[in-house]
1. Could you say whether any residue in segment 184-203 is at pLDDT 95 or above, in contact with a Lys or Arg (Cβ under 8 Å, 6 or more places away or on another chain) and surrounded by fewer than 22 Cβ atoms within 10 Å (Cβ to Cβ)?
2. Can you tell which of Gln3, Gln45, Gln63, Gln72 is free of Cβ contacts under 8 Å to residues at least 40 places away in the same chain and within 25 Å of Phe216 (Cβ to Cβ)?
3. Within segment 1-32, track down each residue that is of a type outside the set (Ser, Thr, Tyr), within 19 Å of the chain's Cα centre (by Cα) and in a helix (DSSP H, G or I).
Amino acid sequence: MWQGSVDAPPTTRIAMLAPSMQPSERRVAEAIAADADAAIEWTAQEIADTVGVGRATVIRTAQTLGYDGYPQLRVALARERATAAPVQEDSADPTMLGALRGAVDRFAARLAHTVSAVTEETLSAFVNELDVSTRLLVAANGLSAPVGADLAMRLTSAGRPAEYVADTLGQQITASQLGAGSACLVVSGSGVNRASIDVITAARASGARVLAITSFPRSPVAEIADTVLVVAPINDSFRDELLYTSRAALMLVTESIVGLLVRTRGESATAAQVATLSVLGHSLTE
């Protein structure tokens, strides 16, 4: 069942929840995402006949996505289509620069929904955990590893010392020694990385709190963590997320979270940033 912000549009909810749906519900959700304009016009029975499932499955799919029923899902789809930015057609420019511009335009069109699943309560709890934890380990693996390394450096530069261990076994060893009062922040776009799940297990066993940033709210990482920020995937499906993985949205959110922590900490964070700038200044040459 959807537990994110009520403002999250239907297609964003589908992208995040479809991987964990029952096969029949996933078929309904994917059919809706593939042709939202048609889905607005269909009744529950019509979409059931189109997909080859029972009407009850269509209703359950709508409820899984956080709506009372299919009529409410249709209204939400209509609202999303009415407020969506015009879809840019593929550029007629056959050059590499044309392809690059097209990719950036498609990314920008989806960017507005990046934090549509985040609530004020969850975000406040997340930043507070970063602020008060006595020790912080940032763990990330696979394609999320660069995001984790960057986040740990930014947090440290803002006066919130954070540990980052690149080796997966080293992550687990460090997590197992955290203890109560500490926190482990795991960044996992897919939410199914085995090494990251092992780190969470070790951290929880030590008594530490677990924070997570992922794109799929019903993934193992999201379900095990204490506080989760769900960053909507830029791609339309879990399959696309695996094939054409982008961590740009995660990077944007992690950078913004550091900014929120700096605002929360006030003068102490500002002083740390000044000290960081001083170090950077001495490292530069003409």
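The values are calculated or read from the model by the stated rules, or taken from the named source; none is laboratory data. Just so you know, these numbers come straight off a predicted model, no measurement behind them. Reconstructed Cβ throughout: ideal geometry from the backbone, glycine too, with neighbour counts over all protein chains shown.
1. The answer is no, given that none of the residues of segment 184-203 is at pLDDT 95 or above, in contact with a Lys or Arg (Cβ under 8 Å, 6 or more places away or on another chain) and surrounded by fewer than 22 Cβ atoms within 10 Å (Cβ to Cβ).
2. Details: Gln3 fails: free of Cβ contacts under 8 Å to residues at least 40 places away in the same chain; Gln45 fails: within 25 Å of Phe216 (Cβ to Cβ); Gln63 fails: free of Cβ contacts under 8 Å to residues at least 40 places away in the same chain.
When all the criteria are applied, what remains is Gln72.
3. Within segment 1-32, the first condition is being of a type outside the set (Ser, Thr, Tyr), and the residues that meet it are 1-4, 6-10, 13-19, 21-23, 25-32.
This time we only want the ones that are within 19 Å of the chain's Cα centre (by Cα), so: 1-4, 6-10, 13-19, 21.
Pro10, Arg13, Ile14, Ala15, Met16, Leu17, Ala18, Pro19 - these are the residues of segment 1-32 that are of a type outside the set (Ser, Thr, Tyr), within 19 Å of the chain's Cα centre (by Cα) and in a helix (DSSP H, G or I).
Here's the yes/no breakdown for (1) surrounded by fewer than 15 Cβ atoms within 10 Å (Cβ to Cβ); (2) within 20 Å of Thr201 (Cα to Cα); (3) assigned by TED's automatic domain parsing to the domain that holds Val199:
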{"position": "Ser133", "(1), (2), (3)": "no, yes, yes"}
{"position": "Val138", "(1), (2), (3)": "no, yes, yes"}
{"position": "Gly148", "(1), (2), (3)": "no, yes, yes"}
{"position": "Thr156", "(1), (2), (3)": "no, no, yes"}
{"position": "Ala162", "(1), (2), (3)": "no, yes, yes"}
{"position": "Ala166", "(1), (2), (3)": "yes, yes, yes"}
{"position": "Leu169", "(1), (2), (3)": "yes, yes, yes"}
{"position": "Gln177", "(1), (2), (3)": "yes, yes, yes"}
{"position": "Ser182", "(1), (2), (3)": "no, yes, yes"}
